[in-house]
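The values are calculated or read from the model by the stated rules, or taken from the named source; none is laboratory data. Not measured: the values here are computed from a predicted model. Neighbour counts are summed over all protein chains in view; Cβ atoms, including those assigned to glycine, are modelled from backbone coordinates with ideal geometry. For the accessible areas, the whole protein counts, side chains as well, though only heavy atoms, and no ligand, DNA or RNA atoms are used. Shrake-Rupley method; radii C 1.70, N 1.55, O 1.52, S 1.80 Å.
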Amino acid sequence: MIKSPIEKYLKDIYTRFIMDKRGEVADYIPELAKVNPDKFAIVLATADGQVYKYGDTDQLFTIQSISKPFTYALAISDNGFALVDKKIDVEPSGDAFNEISLDARSNRPKNGMINSGAITSTSLVKGRSSEERYERIRKFYSDFAGRELHPDFGVFQSESETGHRNRAIAWMLKNFGIIEGNPEEVLAAYFEQCSTLVNTEDLALMAATLANDGIHPLTKKKIVSPEIVERVLSVMMTAGMYDGAGDWMTSVGLPAKSGVGGGIIGVLPGQLAIAVFSPRLDNHGNSIRGVKAFEAMSRELHLHIMNIARAASSAIRAIYTIDERPSILRRTKEEEDILIEYGPRAKVIEAQGDILFSGAEKLIRESLEESEGVDTFIYDITFVDSVADGDSSDIVRSMLYKIARDQIEDGKSIAIIDPKFKSENLQDIPSGLKLFKLSESALQWAENQILDKYAKESTSDDEEMTPLKDFEFFDAFSEQERDRFIGYLEPIFYPAKTPIFEPHTAKSGIYFIMKGRISVELYGDREGLEKRIIAVLMAGMTIGEYTLIHEDSGDFSVKSQTDSNLFYLSNEAIKRISQEDIPLSIALWKTVARSGYELFDRTMYQLSARIDQELKDKE
């Protein structure tokens with residue numbers, strides 16, 4: 001099983017910072033001083049529920065102040081914006097998390113992320129007792145985590161016994177009419193909410209629910225409205241990291257919340273969330289390793305919220321198999337049957353827009369999820385505007401190339417379609433990776449991969465001469481008509497890379513390919529028109545019928561790709577047939593007409609496949 005390079009990247013982040021022993025665990029709550037300071041975990045969860053993790057991700061710890069944005073959301077859900085706004089402001093305070101202060105004019109807490117605002121939020125949660133109020137909070141957190149959460153009663157008891165500063169804040173709030181009822185009952189629920197046990201994956205999914213507009217990415221349960229999410233993330237952005245919020249937004253640029261238990265969450269709206277756990281704290285009360293990990297990931301993966309507009313649209317434009325959208329290369333009936341049967345084993349993933357980290361993650365995940373039963377992958381970045389710039393460019397590109405390298409090592413054939421590819425990037429390309437500038441060339445390559453693997457030797461062996469009697473051209477002929485027709489043919493040989501007829505050649509007749517391969521190329525002498533192969537024909541096929549109907553060969557040229565043996569029916573021979581053998585002439589022109597209809601039918605099939613895919617893209 002191929003591992004995602006994103007997991008390997010998280011391991012790299014872990015390895016970089018695990019030896020940073022700076023900082024101390026929180027000891028003002030005696031139970032918190034007992035935690036193992038060396039634990040470290042990183043979890044990244046996407047807005048659609050994909051989870052990547054590394055480190056001590058199952059280690060339980062208390063949520064502490066990371067509870068604040070979620071209780072604030074519940075308070076708004078219970079009471080509405082107007083009532084909550086009368087009690088709690090939305091201004092950054094610039095104060096420490098436990099500052100004993102209120103706004104000088106309004107007597108309100110500055111925001112819901114500092115202790116005074118958080119205690120007020122808890123007081124606004126509906127409940128007839130502290131037990132009922134906390135039970136509603138616990139269930140609310142559990143919905144965000146996607147599993148049942150419970151408190152650590154030892155930490156709860158420790159906080160209750162030592163939380164004198166918070167008692168001072170609560171009674172101050174009572175004095176100014178901010179909280180109602182008994183402050184001690186409010187504090188009991190507040191201490192219990194802070195002592196709720198979570199692991200790093202719980203926090204990542206809680207944050208990913210905020211990234212997903214209030215809908216849990218896995219359970220699909222709608223927990224809060226998008227309007228509440230918008231308010232919560234706005235306050236997190238300006239006040240979630242307390243008096244370090246300015247530095248955080250400059251260096252990391254994600255709405256975030258930290259807790260003295262060692263956790264930090266960060267949210268990239270609409271895309272992903274990250275949770276980090278490491279108990280050693282700085283003087284702001286934030287995890288030192290956690291902050292460093294966030295800074296590195298934001299910088300290297302281009303996660304700053306100011307870049308989000310560039311990646312607003314889906315990175316996936318289309319996913320299809322080569323039987324759903326075949327190349328225009330003309331195949332034998334046997335080969336077409338093989339490609340219809342085994343075409344689902346070659347898959348194309350089209351990307352679009354700007355490939356920042358979230359786009360690269362989506363591409364990687366799609367290829368891993370789609371890999372079962374697939375031999376060949378094509379990544380088409382024709383419609384990609386740009387790959388992430390700066391430091392993140394190397395990380396994103398290396399992730400894309402890493403998954404390609406792993407797939408190649410796993411026995412798969414991999415190609416990238418990149419019209420903007422430049423040869424100076426060759427040193428980054430994994431060995432065995434195919435690069436194309438045109439999708440048609442890549443499709444033909446993928447079809448050949450399938451044929452090489454699944455076709456019988458006789459269907460692709462160019463060494464054998466194909467007898468004239470086996471040509472599909474003669475299917476409508478009687479045996480006697482075929483034998484008379486063969487008498488008008490003359491053998492001809494073309495060495496490899498020899499023109500058979502050039503663009504705008506006058507009517508020249510029909511060629512029967514006995515052995516070898518013949519290419520049809522679109523001529524490139526017109527402005528803006530590149531020369532390219534549009535069809536490859538092989539033994540058992542014919543070429544030239546088109547020129548019998550039209551004045552000349554148009555913008556097409558035909559040449560031998562390999563040494564080729566052919567039989568040739570000249571225009572003079574066609575004229576003799578029409579004069580000497582009327583029944584044979586009728587059979588000839590019926591076959592020419594049938595060939596034209598078959599070519600038209602194939603073209604319409606290819607066109608309809610492309611139209612169907614375009615319609616799916618718009619759904």
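Among 278-287, 481-490, how do they line up by average Cβ neighbours within 10 Å per residue, starting with the highest?
On the way: 278-287: 21.7, 481-490: 15.9.
With the highest mean Cβ count within 10 Å placed first, the list reads 278-287, 481-490.
In the structure displayed, which of K222/K257; K222/K347; K53/K347; K68/K221 lie more than 32 Å apart, Cα to Cα? Provide the component values of the computation, followed by the final result.
Numbers: K222/K257 22 Å; K222/K347 34 Å; K53/K347 28 Å; K68/K221 21 Å.
Over 32 Å apart, Cα to Cα: K222/K347.
Roughly how many percent of the accessible protein surface of region 123-221 is carbon and sulfur, given a 1.4 Å probe and a whole-percent answer? The partial results should precede the final answer.
Details: 2060 of 4030 Å².
That share works out to 51 percent.
Round to the nearest 10 and report in Å² the accessible area of L205, as given by a 1.4 Å probe over the protein chains' heavy atoms.
10 Å²
Grab the beta carbon distance between K437 and T15, set R0 = 45 Å, and tell me the FRET efficiency rounded to 0.05.
Plugging the Cβ-Cβ distance into 1/(1 + (r/R0)^6) gives 0.75.
If I model a spin label as a point 7 Å beyond the Cα along the Cα-Cβ vector, how far apart are those points for F383 and F493 in nm?
Roughly 5.0 nm, to one decimal.
Placing +1 on the Cβ of each Lys and Arg and -1 on the Cβ of each Asp and Glu in region 136-213, which of N182, A208, S142 has its Cα farthest towards the positive end of the resulting dipole?
Result: N182.
Among the trypsin sites (Lys or Arg not before Pro) in region 216-257, which ones are in a DSSP loop with at most 15 other Cβ atoms within 10 Å of the Cβ? Mind listing them? Present the calculation step by step, with values, prior to reporting the outcome.
Details: sites: K220, K221, K222, R231, K257; in loops: K220, K221.
Loop-located and lightly packed - K220, K221.
If you count, for each residue, the other Cβ atoms within 10 Å and average over each peptide, how do 434-441, 76-83 line up from highest to lowest? Write out the running numbers ahead of the final one.
Working: 434-441: 16.5, 76-83: 14.4.
Averaged packing, sorted descending, gives the order 434-441, 76-83.
In region 187-273, which GluC sites (Glu not before Pro) fall in coil by DSSP and have 10 or fewer other Cβ atoms within 10 Å? Could you put the intermediate results ahead of the total?
Details: sites: E192, E201, E227, E230; in loops: none.
Nothing satisfies the criteria.
Residue-wise, which Karplus ³J(HN,Hα) couplings in Hz belong to region 338-353, taking 6.51 cos²θ - 1.76 cosθ + 1.60, θ = phi - 60°, and x for glycine or proline?
So the Karplus estimates, Gly and Pro as x, are 5, 5, 5, 6, 9, x, x, 8, 10, 10, 10, 10, 8, 9, 8, x Hz.
Obtain the nm distance between the two label points defined at E464 and E369 by a simple spin-label model: each point lies 7 Å from its Cα along the Cα-to-C-beta direction.
The answer from the label model is 4.4 nm.
Just want to confirm a number: the relative contact order over region 156-270, from Cα pairs under 8 angstrom separated by 6+ residues, in percent.
Details: 105 pairs, mean separation 21.5, N = 115.
Across region 156-270, relative contact order equals 19 percent.
Using alpha carbon coordinates only, what is the Rg to Rh ratio of region 170-329, with Rh defined as the Kirkwood radius?
Working: Rg = 20.0 Å, Rh = 18.0 Å.
Looking at region 170-329, the ratio lands at 1.11.
Using a Förster distance of 56 Å, how high is the FRET efficiency between Q157 and T562, based on the Cβ-Cβ distance and rounded to 0.05?
On the way: r = 84 Å, r/R0 = 1.51.
The value I calculate is 0.10.
Compute the distance in nm between two label points, each set 7 Å from the Cα along the Cα-to-Cβ direction, one at D337 and one at D247.
Distance between the two pseudo-spin positions: 7.3 nm.
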